[in-house]
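The structure under discussion appears below in the form of structure tokens.
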Amino acid sequence: QVQLEESGGGSVQAGDSLRLSCAASGFSGRDFSSYTMGWFRQVAGHTREFVGATRYDRDNTLYADSVKGRFTISRDNAKNTVYLQMNSLTSEDTAVYYCAARLPEYGLALRDRDYTYWGPGTQVTVSS
């Protein structure tokens with residue numbers, strides 16, 4: 001059973017930076033690098049929004065237009081961990097951020113229904 005847990009959220013001021021981490025486990029000996037790992041965010045009363053995703057390494061990444069140039073996804077496959085570096089934060093980035101994993105046979109995706117496993121989320125609050 002794949003399990004994911006996010007960390008690194010908190011309250012910051014506009015213009016600040018945060019780095020979120022997602023620790024993954026339960027891959028039953030399969031190569032973690034083959035799992036597409038996604039980041040999503042959700043504000044109360046809104047649908048879940050795609051942020052970015054990665055598979056294998058930094059050459060296989062996908063970003064939403066709203067965060068392109070400000071956010072960077074990376075992964076340490078030896079540690080079964082994926083990161084989301086967030087720079088130049090604004091109040092519009094305030095949300096609960098979720099880490100998700102796709103099945104290993106599938107590639108990069110931007111729809112939440114394409115992902116099978118989810119973490120509990122971590123709150124990011126940006127004050128203006």
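Here are a few things to note about the model shown:
- Net charge of neighbours whose Cβ lies under 12 Å from the Cβ of Val96, counting Lys and Arg as +1 and Asp and Glu as -1: -1
- Selected from Gly15, Gly38, Gly29 as most flexible by GNM, with the chain as the system and alpha-carbon contacts under 10 Å: Gly29
- Which of Val67, Ala95, Gly119, positive extreme of dipole for the chain (C-beta unit charges): Gly119
- The residues of the range 35-128 present an accessible area of 51 Å² per residue when probed at 1.4 Å with all protein chains retained.
- Shown for the chain: the carbon plus sulfur share of the solvent-accessible area, taken with all protein chains present and a 1.4 angstrom probe, equals 43%.
- Cα centre as origin, Lys/Arg/Asp/Glu Cβ charges: the chain dipole, Debye: 120
- Residues whose placed amide H lies under 5 Å from that of Asp16, excluding near-sequence neighbours: Leu89
- With a cut-off of 13 Å between beta carbons, the residues surrounding Asp31 carry a summed charge of +1, where Lys and Arg count +1 and Asp and Glu -1.
The values are calculated or read from the model by the stated rules, or taken from the named source; none is laboratory data. If you're wondering where the values come from, they're calculated on a predicted model, not measured in any experiment. Heads up, the Cβs are rebuilt from the backbone with ideal geometry, glycines too, and the neighbour counts pull from every protein chain shown. All accessible areas refer to the heavy atoms of the entire protein, side chains included, with ligands and DNA or RNA removed. Shrake-Rupley method; radii C 1.70, N 1.55, O 1.52, S 1.80 Å.
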